[in-house]
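A.B. asks: The structure is given below, and queries will be raised subsequently.
The values are calculated or read from the model by the stated rules, or taken from the named source; none is laboratory data. Just so you know, these numbers come straight off a predicted model, no measurement behind them. With ideal geometry, Cβ positions are generated from the backbone for all residues, glycine too; neighbour counts draw on all protein chains shown. For the accessible areas, the whole protein counts, side chains as well, though only heavy atoms, and no ligand, DNA or RNA atoms are used. Shrake-Rupley method; radii C 1.70, N 1.55, O 1.52, S 1.80 Å.
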Amino acid sequence: MSTLPKPSLSQNGQVTVVLGSQWGDEGKGKLTDMLAGEMDICARCAGGNNAGHTIVANVGPEQVKTKFDFHLLPSGLVNPRCVGFIGSGVVVHVPSFFSEMDTLEKKGLKCDNRLFLSDRAHLVFDFHQVVDGLKEVELGGSSIGTTKKGIGPAYSSKASRSGLRVHHLYDFDTFAQKFRKLVEARFKRYGNFEYDTEGEIARYRAFAERLRPFVVDGVTFIHSMLSSNRRVLVEGANALMLDLDYGTYPFVTSSSTGIGGVCTGLGIPPQSIGKVIGVTKAYTSRVGAGPFPTELNDDIMTHLQEVGAEYGTTTGRRRRCGWLDMVMLRYSCLINGYTCLNLTKLDVLDGLKELKVATNYMINGKELASFPADLSMLAKVEVVYKTFPGWEGPISEVTEYQQLPQTCREYVEFIEDFLGIPIEWIGVGPGRQSMLHRPIANK
Ligand code: GDP
Ligand code: IMO
Ligand code: MG
């Protein structure tokens, strides 16, 4: 008799998903951390350590205010009773896995027996990171502005069926053989860049032993959790507009960052998913190159960057900033099917006299019926804006939705009406306490 968990017919939406609805850095980590208190498992399903999720929380018996930067590990780990799981769809740079874990442990968060990694997850090696840099140089003026974490090259190895997965570490002779082949192929393509192949193999022999206690059969693991009614929270990484299929290709990351990636990355069926929370910044930001129709390049951009502290967590780059884009958000809502939204960083708009929101894209006086696939078309769009009066603020001390200034509520309610999706949470500051909750019916 198989010991695999029996498929449950009552897959009842016990999985809650947090996804980025724009170009990343919407504040997914903060919401994940907040929700993790009520969850048993927090899982990553896609991407790798290209993500950067900042959490500010009071931790330990003395409740010391602490900042955490997560890249590869699930942010739910800040909550001591939440178990972390890295699913099969994630690409894992093992040295980063350990260094992130060591940093967490130094901050008092133990990971032993509460962090698990799917044996089907693919590995990112240092040579993938070198290749990431070389590819960017090759692209020259049209480079993507990647995080240089080797994400694209690692997913390329996976798609070309030559990648190495976590389980390969436990058949080490085969691992070493395949590894040499992979590196050789990169040397052929990119020239003999500096790389100590044999030294790396030796390092991985040691990593394999250290990693062993964390490795699980990902399918058995997640389904055992589901069949024992554990509550699972999925922490999306990157965001819909960086999705390999639906983002602004080729200025995207190399994974499925939307709802589809949750099913494929964790090996779970769609009916196990209940709430899908779209995290949406009250304006728009983007790191790296690529189209951005509502981008600003003026004092308001400086306000958003400075007040919003818009510097990348992973690369330290300044984030490009602009107005909220409802055309893009509607597109994002269609694909991901958010059941509610978390509007974040509303406090950053405090003090602006006027706010603009993009409502339509036009080309030659004609409205576009969709978010265009063709970037040359996107580059030509004239954006139609609706203007709103601003508010004075500060709103960061507000604890109830009704206490927000009226013009601020009008802004929130316009977004809700335009998208037809309730805004359940509103972020008014970086800390855990700076989040307004608006209970919604039938959530
Ligand atoms: P993620 O990648 O989606 O998790 O977002 P990041 O952590 O990269 O970027 C969001 C940044 O905004 C972090 O530094 C958060 O601490 C901060 N943040 C999150 N929500 C709010 C908010 O409502 N207001 C302000 N001012 N900052 C916030
Ligand atoms: P979080 O989870 C913002 C962007 C990079 C680059 C493009 C491709 O923090 O929201 P990659 O290294 O993935 O090949 O880079 O995608 N990018 C992100 N931008 N937030 C992220 O993650 C991102 N992950 C990737 O800047 O433009
Ligand atoms: Mg981020």
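A.B. asks: How long is region 323-443 along each principal axis, judged by its Cα atoms, biggest number first, in Å?
C.D. replies: Extents along the principal axes, in whole Å: 45, 35, 22.
A.B. asks: Calculate, for region 292-391, the solvent-accessible area per residue in square angstrom, rolling a 1.4 angstrom probe over the heavy atoms of the protein chains.
C.D. replies: With the other protein chains kept in place, region 292-391 gives 45 Å² per residue.
A.B. asks: Roughly how many Å² is the accessible area per residue of region 32-191, as a whole number, for a 1.4 Å probe?
C.D. replies: For region 32-191, the solvent-accessible area averages 40 Å² per residue.
A.B. asks: Taking the Cα atoms of region 220-281, what is the range of coordinates along each of the three principal axes, in descending order and whole Å?
C.D. replies: Sorted from largest, the Cα extents of region 220-281 read 41, 25, 16 Å.
A.B. asks: To continue, here is another question. Tell me, what is the Rg over Rh of region 116-158, with Rh the Kirkwood radius over Cα pairs?
C.D. replies: On the Cα set of region 116-158, Rg over Rh gives 1.07.
A.B. asks: Okay, moving on. Kindly provide the pair-distance distribution of region 289-365 built from C-alpha pairs, with 5 Å bins from 0 and whole-percent values in order of increasing distance.
C.D. replies: Bins of 5 Å from zero give 3, 12, 20, 23, 21, 14, 6, 1, 0 percent of pairs.
A.B. asks: Just subtract the alpha-carbon distance of Gln406 and Asn113 from 0.36 nm times their residue separation and send over the number in nm, one decimal.
C.D. replies: 100.6 nm
A.B. asks: To continue, here is another question. Sort 402-414, 364-376, 316-328, 339-351 by the packing proxy (mean of other Cβ within 10 Å over each peptide's residues), most packed first. Write down the numbers at each step before the final one.
C.D. replies: Details: 402-414: 15.9, 364-376: 11.4, 316-328: 20.2, 339-351: 22.6.
Result, highest mean first: 339-351, 316-328, 402-414, 364-376.
A.B. asks: Run the accessible area of region 308-443 with a 1.4 Å probe and give the carbon-and-sulfur part as a rounded percent.
C.D. replies: Within region 308-443, the accessible surface is 50 percent carbon and sulfur.
A.B. asks: When the Debye formula is applied to the Cα atoms of region 257-403, each taken as the same point scatterer, what base-10 log of I(q)/I(0) results at q = 0.10 Å⁻¹?
C.D. replies: Log10 of I(q)/I(0), two decimals: -0.43.
A.B. asks: Let me ask something else about it. Taking a cut-off of 17 Å between Cα atoms, list the aspartates and glutamates near Lys135, but don't count ones fewer than 8 places away on the same chain.
C.D. replies: Asp126, Glu184, Glu194
A.B. asks: Taking all pairs of distinct Cα atoms, average 1/r, flip it, and tell me the Kirkwood hydrodynamic radius of region 219-325 in Å to one decimal place.
C.D. replies: Over region 219-325, the inverse of the mean reciprocal pair distance is 16.0 Å.
A.B. asks: Tell me the Rg and the Dmax, in Å, that the Cα atoms of the chain produce.
C.D. replies: When restricted to Cα atoms, the chain yields Rg and Dmax of 21.9, 68 Å.
A.B. asks: Return the carbon/sulfur percentage of the accessible area of region 1-134, one whole number, probe 1.4 Å, all protein chains in place.
C.D. replies: The computed percentage sits at 54.
A.B. asks: To the nearest 20 debye, what charge dipole does region 305-443 have about its Cα centre, counting +1 at the Cβ of each Lys and Arg and -1 at the Cβ of each Asp and Glu?
C.D. replies: Dipole size: approximately 440 debye.
A.B. asks: Another one. Give me the one-decimal Kirkwood hydrodynamic radius in Å for region 1-109, with the sum taken over alpha-carbon pairs.
C.D. replies: Over region 1-109, the inverse of the mean reciprocal pair distance is 15.2 Å.
A.B. asks: Same structure, new question: Which distance in nm do the two modelled labels at Thr220 and Arg438 give, with both placed 7 Å along the Cα-to-Cβ direction?
C.D. replies: Taking the simple label geometry, Thr220 and Arg438 are separated by 4.7 nm.
A.B. asks: In 5 Å bins starting at zero, report the fraction of Cα pairs in region 46-201 per bin as a rounded %.
C.D. replies: 2, 8, 16, 19, 17, 13, 10, 7, 4, 2, 0, 0
A.B. asks: Out of all DSSP beta bridges with both ends in the chain, state the antiparallel percent to the nearest 5.
C.D. replies: Around 45 percent of the beta bridges assigned by DSSP in the chain are antiparallel ones.
A.B. asks: Over the alpha-carbon set of region 89-165, work out the extent along each principal axis and list the three values in angstrom, largest first.
C.D. replies: 44, 28, 16
A.B. asks: Also, I was wondering about something else. Near Lys386, which lysines are there with a Cα under 18 Å away, not counting those fewer than 8 places off in the same chain?
C.D. replies: List returned: Lys281, Lys353, Lys356, Lys366.
A.B. asks: Let me ask something else. Can you give me the angle between helix 326-336 and the longest principal axis of the chain, using Cα atoms only, in degrees from 0 to 90, rounded to the nearest 10?
C.D. replies: 40 degrees
A.B. asks: With a 1.4 Å probe and all protein chains in place, put Asp69, Asp243 in order of accessible area, largest first.
C.D. replies: Asp69, Asp243
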